[in-house]
1. Counting only residues that are crowded, with 18+ Cβ neighbours inside 10 Å and without any contact (Cβ under 8 Å) to a residue 60 or more places away in the chain, give me the strands (runs of 3 or more DSSP E) lying completely in the range 133-219 with at least 2 of them.
2. Check residue 237 against each of (1) over 20 Å from residue 268 (Cα atoms); (2) surrounded by fewer than 20 Cβ atoms within 10 Å (Cβ to Cβ); (3) without any contact (Cβ under 8 Å) to a residue 40 or more places away in the chain and name the one condition it does not meet.
3. Could you go through the range 352-373 and let me know if any residue there is outside any loop (DSSP other than H, G, I, E, B) and under 27 Å from residue 113 (Cα atoms).
4. Considering only residues that are in contact with a strand residue (DSSP E or B) (Cβ under 8 Å, 6 or more places away or on another chain) and either surrounded by fewer than 11 Cβ atoms within 10 Å (Cβ to Cβ) or closer than 19 Å to residue 272 by Cβ (or both), which ones fall in the range 326-350?
5. Mind counting the residues in the range 179-192 that are at pLDDT below 95 and either in contact with a strand residue (DSSP E or B) (Cβ under 9 Å, 6 or more places away or on another chain) or within 16 Å of residue 150 (Cα to Cα) (or both)?
6. Do we have residue 299 as within 30 Å of residue 17 (Cα to Cα) and within 24 Å of the chain's Cα centre (by Cα) here?
7. I'd like to verify a number: residues in the range 289-318 that are without any contact (Cβ under 8 Å) to a residue 40 or more places away in the chain and surrounded by fewer than 20 Cβ atoms within 10 Å (Cβ to Cβ), how many?
8. Looking at 102, 49, which is the one that is assigned by TED's automatic domain parsing to the domain that holds residue 139, buried (at least 24 other Cβ atoms within 10 Å of the Cβ), touching a strand residue (DSSP E or B) at 6+ places or on another chain (Cβ under 9 Å) and touching a residue at least 12 places away in the same chain (Cβ under 8 Å)?
């Protein structure tokens with residue numbers, strides 16, 4: 001309370017606030033771990049989770065997934081939701097669905113929300129896949145689903161059941177080395193993708209704006225069925241990708257091919273664009289919270305804060321351009337009186353190159369040069 005006499009002071013800020021975008025990608029894994037009680041667990045790094053599981057001899061799909069993520073040489077928070085396999089497929093499916101839905105509690109319990117949701121060995125069940133999609137949409141995350149199809153036709157048919165910007169489909173399984181059997185086995189691709197995605201996100205300040213398609217997936221040595229890939233020709237790999245199914249190709253290593261969503265709208269079929277808008281919008285949402293429940297003049301600095309972030313993103317070539325303006329149609333007198341304000345933020349990300357056409361044309365324009373060289 002200010003004094004009635006003497007000199008009083010106040011301290012305030014009239015400036016844009018710095019807005020930072022998270023480059024950490026928490027991974028949520030729903031699966032089994034014998035020896036670990038059912039429930040939700042959090043570890044700040046992949047190596048820490050791996051050690052706990054191995055020390056407890058917690059055999060199951062979660063340990064396999066952690067090892068797959070670890071193969072990508074990444075340290076990122078992991079949240080796993082353990083369930084027990086039931087007496088039949090129905091009970092197992094229900095238990096897995098409940099485990100996936102438990103990720104809703106992660107923010108309250110650990111102050112982290114998983115950004116990628118996987119359920120290796122179980123996501124091919126239709127009901128589990130549906131729950132992954134629903135929870136991904138609820139948490140603004142990406143649900144990665146392994147299709148069980150053993151042929152191109154079957155995979156494309158299964159893909160027709162999905163339609164969300166938050167779903168990434170993968171097929172087929174990949175050949176990997178098993179520490180449990182000391183032999184090669186085939187495992188779902190989702191955990192390997194999750195590790196690669198998290199690694200790429202953290203490689204530099206704006207790694208989350210890069211695609212992971214056409215990158216080598218560590219720890220993979222083949223695929224459950226051969227995937228035809230011929231540069232410049234229609235092939236199975238391209239047909240799968242056109243059907244919004246990510247796959248693995250052999251091209252100077254085993255590489256992920258495709259990172260497209262199943263959304264009906266072509267704008268949001270690019271998962272990289274979806275994640276760019278996610279990261280920017282989430283950062284801005286937190287960054288302008290200081291203006292809520294303050295006088296309306298603080299909105300000037302909220303707008304400036306957003307503009308400064310977008311200016312930096314344009315400078316880093318994440319965005320091609322942007323525009324920030326107050327929405328005249330929505331900012332009516334009644335809304336302003338109610339304390340409601342609407343800010344439009346338009347932006348275009350630097351698009352990911354999907355196709356490059358090289359046109360080779362014969363020309364005799366250098367004939368004189370040839371003759372001159374002949375003396």
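1. It comes to 142-146.
2. With respect to (1) over 20 Å from residue 268 (Cα atoms); (2) surrounded by fewer than 20 Cβ atoms within 10 Å (Cβ to Cβ); (3) without any contact (Cβ under 8 Å) to a residue 40 or more places away in the chain, residue 237 is out only on (2).
3. Within the range 352-373, none of the residues are outside any loop (DSSP other than H, G, I, E, B) and under 27 Å from residue 113 (Cα atoms).
4. Answer for the range 326-350, where residues must be in contact with a strand residue (DSSP E or B) (Cβ under 8 Å, 6 or more places away or on another chain) and either surrounded by fewer than 11 Cβ atoms within 10 Å (Cβ to Cβ) or closer than 19 Å to residue 272 by Cβ (or both): 345, 346, 347, 348, 349, 350.
5. Within the range 179-192, residues that are at pLDDT below 95 and either in contact with a strand residue (DSSP E or B) (Cβ under 9 Å, 6 or more places away or on another chain) or within 16 Å of residue 150 (Cα to Cα) (or both) number 0.
6. No; evaluated as a whole, the condition is false for this residue.
7. Residues meeting the conditions: 14.
8. After applying the criteria, what remains is 49.
The values are calculated or read from the model by the stated rules, or taken from the named source; none is laboratory data. Since the model is a prediction, treat every value here as computed from it, not as a measurement. Note: ideal-geometry Cβ built from the backbone for every residue, glycine included; neighbour counts use all protein chains shown.
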